[in-house]
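First the structure, in the form of structure tokens, and then the observations on it.
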Amino acid sequence: MPLWSAASTPRLDAAAAAGRFRVEFGALTLTLPALLLLLGLFVLPLGRLFALSFAGGSLEWYAKALTGGLYTTILLRTFEIAAIVTLCCLVIGYPVAFLLATTTPAWRAIGFAFVMLPLWTSVLVRTYAWMVLLGRNGIINRLLIDSGLTEQPLAMLNSKMAVVLGMVHVMLPFMILPIYSAVTRIDPDLPKAARGLGASTLRVATSIYLPLTLRGIVAGVTLVFVVSLGFYITPALLGGGKVLMFAMVIEQQVREFLAWNFAGALSVILLAVTLLAFWLLNQGVARRLGD
Amino acid sequence: MSDHPARPATAQAGRLDIEGVSKTFGDVVALADVDLGIAAGEFVTILGPSGSGKTTLLKVIAGFETADSGSIRVDGSDVTDLDPALRNIGMVFQNYALFPHLSVARNVGYPLAMRGLAKGEIAKRVGEALEMVELGGMAERLPKQLSGGQQQRVALARATVFQPRLLLLDEPFGALDRKLRDQMQLEVRRLQRRLGLTTLFITHDQEEALIMSDRVAVMAKGRLQQVGPPLEIYEAPANPFIADFIGESNIFSGTIEARGDGVLSVGLAGGLSIQVPSRLDLAARVGQRAKVMVRPERFVDLNVGGAPATVNRIDGLVAESAYIGVSDKYRFATAAGLNVLVRLPSGPMSRRYRPGEAIAAGFHAADARLIEVD
């Protein structure tokens with residue numbers, strides 16, 4: 001027996017190693033197109049921006065961006081708007097996701113159609129639709145004046161509210177989908193068990209649903225917050241230049257001033273801050289969930 | 001929320017009365033006029049095939065489903081429309097339904113926390129409950145870190161720690177292997193006796209039902225077919241469905257040929273005639289069709305020397321044979337094509353038959369039961 005195993009083990013190992021190599025090689029081949037695409041369209045331009053921002057080996061562009069208050073104020077406002085959008089998406093999205101996950105299949109199909117419809121429409125079209133709704137002579141003002149509720153049209157467009165409204169509309173599905181998926185993974189007997197053990201509906205929500213959907217909430221919050229930080233079209237159109245977000249400043253530097261080095265520095269700052277936010281959100285969750 | 005109305009009542013007698021409960025889902029009748037009374041401290045099993053409505057009945061009692069009509073009363077008070085959180089009924093779910101994000105201790109303490117008990121009191125009672133199910137050292141584990149049997153015990157501790165008036169068990173042993181299941185059956189019964197808990201147990205496993213229960217209620221198509229002690233259910237099934245569903249059985253159809261003193265003579269195919277005890281509760285006249293049940297293990301091998309003289313005898317040729325361990329199982333056919341299933345005790349003294357061999361099986365009149373006359 002020992003002889004037999006001594007003789008055969010190396011052969012088995014060699015075969016296993018060959019198998020492993022084949023698997024890895026196969027996986028690499030399959031991901032190669034995606035890797036090349038990322039390298040060409042993402043890593044290279046990013047590296048170029050990075051290089052531009054440190055042009056001449058000095059940190060002058062970073063010094064300009066981080067001192068003087070203007071750009072840090074805009075960065076803070078960008079964070080503020082992203083946070084408000086995320087909060088609105090969570091408050092609106094959680095109940096929707098919950099209903100979708102717990103309703104009958106027929107209603108679920110209808111509900112999903114309404115949730116997904118915006119995703120199939122261009123951001124530009126949706127943003128213009130909001131302009132039609134919110135404008136000085138827009139549908140809402142028309143209704144308000146015609147019904148005699150107001151004398152003068154309300155200034156709704158070109159405000160932070162309009163920007164938040166438009167962004168929430170765009171981002172809502174990204175909050176709903178991960179939470180929906182988390183709710184559907186909960187064993188339907190768990191809330192029943194909790195009820196039978198004496199929990200009120202509210203206690204079931206806080207002690208069963210909330211902790212068990214935390215992963216979905218964090219995924220949705222991360223997605224919405226991080227993507228919101230880099231929003232450009234919606235705030236540009238609905239804010240009418242009055243609501244500046246960081247991505248708009250970067251675009252301005254390139255298009256109006258051809259200040260590539262400074263735009264590079266601003267981009268790197270936005271990227272760094274976004275990654276930091278992403279990391280912090282995930283750290284918090286990892287600690288909460290204990291893994 | 002702390003002054004919860006479901007604070008454990010000290011008097012937990014737990015008499016359960018189910019009266020005229022019906023429930024339909026669309027066109028499907030899940031429960032049809034179910035009546036069942038369970039005495040305080042009694043262990044009653046609802047036994048039925050899947051789709052018989054037994055789980056629906058359990059859900060109606062727990063409050064997770066609303067009955068279309070009828071009432072549920074616990075200790076005389078009507079709970080039919082009561083919020084499930086206020087019913088004070090412990091339940092063990094089929095898949096245990098342990099909260100995956102809470103430790104064993106917090107799972108067991110959950111019903112106590114919902115009743116607003118003080119932390120110290122919760123810790124004390126959780127400790128006692130875990131000791132009772134022999135999981136003292138597992139308090140800080142998560143459910144997924146436990147084996148199936150241990151999860152089962154946690155579910156049991158959680159369902160009993162708040163001194164419920166009633167314990168409901170929904171096929172709790174389905175996921176356990178046979179050995180563990182046998183052990184848990186005994187353990188649940190011991191725990192139930194110790195706590196004096198009125199218990200309603202649901203299963204489709206007839207052996208489990210017979211082993212565990214004070215009384216068994218057989219259910220099919222939303223109706224209770226028969227309610228009685230295990231012995232009665234097995235020995236005196238009320239109808240052919242129960243005879244067939246509980247254990248193995250031969251059901252012979254024939255015509256009543258003669259009536260004697262407490263005995264009927266029933267003619268089967270091929271001129272064969274068997275003696276069967278008549279029933280006071282089942283009127284039978286000569287010429288009527290009747291169904292007779294004989295359990296396979298009640299047959300004796302008449303070819304073996306020293307076999308007792310039996311009044312009934314069936315001859316045939318062995319079609320199939322199987323060695324089960326405790327017995328030999330044969331299916332044989334008479335010349336007229338009547339199929340008979342018999343189990344003969346296996347042992348060094350017993351004779352074994354191969355397919356094609358002639359066999360003669362006998363049974364006493366008392367081992368046959370008239371189950372239907374029409």
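Each reported figure results from applying straightforward, stated rules to the coordinates on display, with no laboratory input. Keep in mind that this is a model prediction, so the values were computed, not measured. When we count neighbours, we look across all protein chains shown, and the Cβ atoms used for this are built from the backbone with ideal geometry, even at glycine.
If you go through region B:61-83 one residue at a time, how many are within 13 Å of chain A (Cβ to nearest Cβ), crowded, with 20+ Cβ neighbours inside 10 Å and either at negative phi or basic (K, R) (or both)? Steps first, answer last, please.
Keep residues of region B:61-83 that are within 13 Å of chain A (Cβ to nearest Cβ), which gives B:61-65, B:79, B:82-83.
Filter once more, so that each one left must be crowded, with 20+ Cβ neighbours inside 10 Å: B:61-63, B:79.
Retained after the next criterion (residues that are either at negative phi or basic (K, R) (or both)): B:61-62, B:79.
The number of residues fulfilling the criteria is 3.
How many residues, within region B:11-34, are among the small types (G, A, S) and exposed (fewer than 14 other Cβ atoms within 10 Å of the Cβ)? Step through it out loud before you land on a result.
Residues of region B:11-34 that are among the small types (G, A, S), as a first pass: B:11, B:13-14, B:20, B:22, B:26, B:30, B:32.
Going one step further and asking which of them are exposed (fewer than 14 other Cβ atoms within 10 Å of the Cβ), we end up with B:11, B:20, B:26.
Of the residues in region B:11-34, 3 are among the small types (G, A, S) and exposed (fewer than 14 other Cβ atoms within 10 Å of the Cβ).
Let's see how each residue does on (1) more than 26 Å from the chain's Cα centre (by Cα); (2) free of Cβ contacts under 8 Å to residues at least 60 places away in the same chain:
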site: B:V79; (1), (2): no, yes
site: B:L82; (1), (2): yes, yes
site: B:N88; (1), (2): no, no
site: B:R106; (1), (2): yes, yes
site: B:R115; (1), (2): yes, no
site: B:V133; (1), (2): no, yes
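If you scan region A:240-283, which residues turn out to be in contact (Cβ under 8 Å) with a residue 24 or more places away in the chain and closer than 16 Å to A:A219 by Cα?
Across region A:240-283, the qualifying residues are A:T274, A:A277, A:F278, A:L281, A:N282.
Got a sec? Which strands (runs of 3 or more DSSP E) wholly within region B:123-235 have at least 1 residues that are surrounded by 19 or more Cβ atoms within 10 Å (Cβ to Cβ) and aromatic (F, W, Y)?
On the way: elements: B:166-170, B:199-203, B:215-220, B:223-228.
In region B:123-235, B:199-203 are the strands (runs of 3 or more DSSP E) which contain 1 or more residues that are surrounded by 19 or more Cβ atoms within 10 Å (Cβ to Cβ) and aromatic (F, W, Y).
Please specify each residue of region B:142-155 satisfying the condition of being without any contact (Cβ under 8 Å) to a residue 40 or more places away in the chain and more than 14 Å from chain A (Cβ to nearest Cβ).
Going residue by residue through region B:142-155, those that are without any contact (Cβ under 8 Å) to a residue 40 or more places away in the chain are B:145, B:147-150, B:153.
Hits for region B:142-155 are B:S147, B:G148, B:G149, B:Q150, B:R153.
Among the residues of region B:156-192, what is the count of those that are touching a residue at least 60 places away in the same chain (Cβ under 8 Å) and among the charged types (D, E, K, R)?
Residues flagged as touching a residue at least 60 places away in the same chain (Cβ under 8 Å) and among the charged types (D, E, K, R) within region B:156-192 amount to 5.
What number of residues within region B:84-98 satisfy the criterion of being facing another protein chain (nearest Cβ under 8 Å) and among the β-branched types (V, I, T)?
Residues that pass the stated criteria total 1.
Could you tell me which residue of region B:20-42 is farthest from the chain's Cα centre (by Cα), considering only residues that are within 26 Å of B:L197 (Cα to Cα) and β-branched (V, I, T)?
B:V21
Any idea how many residues of region B:153-171 are under 19 Å from B:V104 (Cβ atoms) and either β-branched (V, I, T) or in contact with a helix residue (DSSP H, G or I) (Cβ under 6 Å, 6 or more places away or on another chain) (or both)?
6
Would you call B:A105 within 8 Å of another protein chain (Cβ to nearest Cβ), surrounded by 17 or more Cβ atoms within 10 Å (Cβ to Cβ) and not polar (S, T, N, Q)?
No: the conditions fail for B:A105.
Is it the case, given these coordinates, that B:L112 is outside any loop (DSSP other than H, G, I, E, B), at negative phi and either at the interface with chain A (Cβ under 10 Å from one of its Cβ atoms) or crowded, with 21+ Cβ neighbours inside 10 Å (or both)? Lay out the reasoning, then the answer.
Numbers: outside any loop (DSSP other than H, G, I, E, B): yes; at negative phi: yes; either at the interface with chain A (Cβ under 10 Å from one of its Cβ atoms) or crowded, with 21+ Cβ neighbours inside 10 Å (or both): yes.
When the stated conditions are applied, B:L112 passes them.
Could you please find all residues in region A:230-249 being surrounded by 23 or more Cβ atoms within 10 Å (Cβ to Cβ) and touching a Leu at 6+ places or on another chain (Cβ under 7 Å)?
Scanning region A:230-249 gives A:L238, A:F246.
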